[in-house]
Amino acid sequence: MDKIQKIRRLKKEKDVVILAHYYVDGQVQALADYVGDSFALSKLAATVEHHNILFCGVRFMGESAKILNPEKTVIMPDITADCPMAHMVEIEKIKEVRQMFPDVAVVCYVNSTAEIKSYSDVCVTSSNAIQVVKKLPNKDIFFIPDNHLAQYVAKQVPEKHFIFNDGFCPIHKEITKQHIEDAKKKHPKALLLTHPECMQEVLEASDFIGSTSEIIDYASTSDCKEFLIATETGVFYELQQKNPEKIFYSVRDNQICPDMKKITVDNVLTALERFEPEVVMDAEMIEKANAPLVQMLELAK
Ligand code: 13P
Ligand code: SF4
């Protein structure tokens, strides 16, 4: 029996659903039950009927699945797969901002640790941040941890007062205006589709800005045949599956998240065999971090 057959048999026997983010390797996306962006995956995690979840992504994604389903067992192929941005705000800073702006809403990108979520009012993902922020009654918004997404949302919601934090995604931050200019010279007919974790100078040059699944939807419904993709190259798998006749280029070499790439077919199989490593969190943390996630699911409906 080959590895994929073993995975299929084990997940059925153990009542496991496999969720995967668009940034993991294409071979892993191919074996998952559902592949999606962060928002779709958190909605799925809140509704799947299976008793157990195997989350192919980075730590904050597995944690969110656990927070939304405390009674389920959530396992991850590699628990060390972590998002550096998820740690890029100090709890002390949140407390300080709350003191300075007593009516502030602390808006927390899901790319954050459970502890950071537990000090926040509402979570957002890149596909619902504008919608959620617009619906909040608060004028003052402290947007954590990502500075780039915050700047992007602030431009779309000028009626609010934003307090910015200085977190960033190291992979998206590496993409510069110069890379875009060079890529556009090489592929003048291509449209530029960009993730909002990129810097402002890159967003300004873009034809479309959206989450991973919004980028895939845009490319799939566009009449254009060539695209420059300014995000992690894991999305190329689904882009190519859905659009075999279209051409997708990265804007620079190495648009790769090393943590997402820690997930492999081999460690998916091992995790299913051993039923570990498990995402373990204490009940109090789960309860505190649950409220902002549930609030997001409500406001983003
Ligand atoms: P999406 O919300 O577009 O899925 O991307 C979030 C992300 O950076 C995952 O690392
Ligand atoms: Fe974090 Fe960036 Fe990797 Fe997404 S791509 S998991 S934001 S480091």
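Just so you know, all these numbers are worked out from the coordinates, no wet-lab data involved. Note that the structure is predicted; figures quoted are calculated from it, not measured. Neighbour counts are summed over all protein chains in view; Cβ atoms, including those assigned to glycine, are modelled from backbone coordinates with ideal geometry.
For region 185-239, residues that are of a type in the set (A, V, I, L, M), assigned to a strand (DSSP E or B) and more than 18 Å from Ser126 (Cβ to Cβ) total 2. For first residues located in region 219-238 and among the charged types (D, E, K, R), partners that are in a strand (DSSP E or B) and lie 6+ apart or on another chain with Cβ distances below 6 Å form the pairs Glu226/Ile247.
Among the residues of region 105-125, those that are assigned to a strand (DSSP E or B), within 16 Å of ligand 2 (Cβ to nearest atom) and within 21 Å of Ala283 (Cα to Cα) comprise Cys108, Cys123. Residues that are more than 14 Å from ligand 1 (Cβ to nearest atom), β-branched (Val, Ile, Thr) and within 24 Å of Lys262 (Cα to Cα) were ranked within region 55-112; the one that is surrounded by the most Cβ atoms within 10 Å (Cβ to Cβ) is Ile67.
Checked against (1) within 16 Å of ligand 1 (Cβ to nearest atom); (2) closer than 30 Å to Arg98 by Cβ; (3) of a type in the set (Phe, Trp, Tyr), Phe162 passes all but condition (1). Is it true that Asp37 is more than 16 Å from ligand 1 (Cβ to nearest atom), farther than 24 Å from Glu287 by Cβ and not aliphatic (A, V, I, L, M)? No. Based on this model, can you work out whether Asn267 counts as of a type in the set (S, T, N, Q), within 16 Å of ligand 2 (Cβ to nearest atom) and not in a strand (DSSP E or B)? For Asn267, the condition - of a type in the set (S, T, N, Q), within 16 Å of ligand 2 (Cβ to nearest atom) and not in a strand (DSSP E or B) - is not met. Going through (1) away from ligand 1 (no atom under 16 Å from the Cβ); (2) without any contact (Cβ under 8 Å) to a residue 60 or more places away in the chain one by one, Ile209 falls short only on (1). From the residues in region 240-253 that are without any contact (Cβ under 8 Å) to a residue 12 or more places away in the chain and in a loop (DSSP other than H, G, I, E, B), which one is farthest from ligand 1 (Cβ to nearest atom)? Ranking the candidates gives Pro244 first. Out of all the residues in region 31-51, which are in a helix (DSSP H, G or I), within 17 Å of the chain's Cα centre (by Cα) and touching a residue at least 40 places away in the same chain (Cβ under 8 Å)? Matches in region 31-51: Ser38, Phe39, Ala40, Ser42, Lys43, Ala46.
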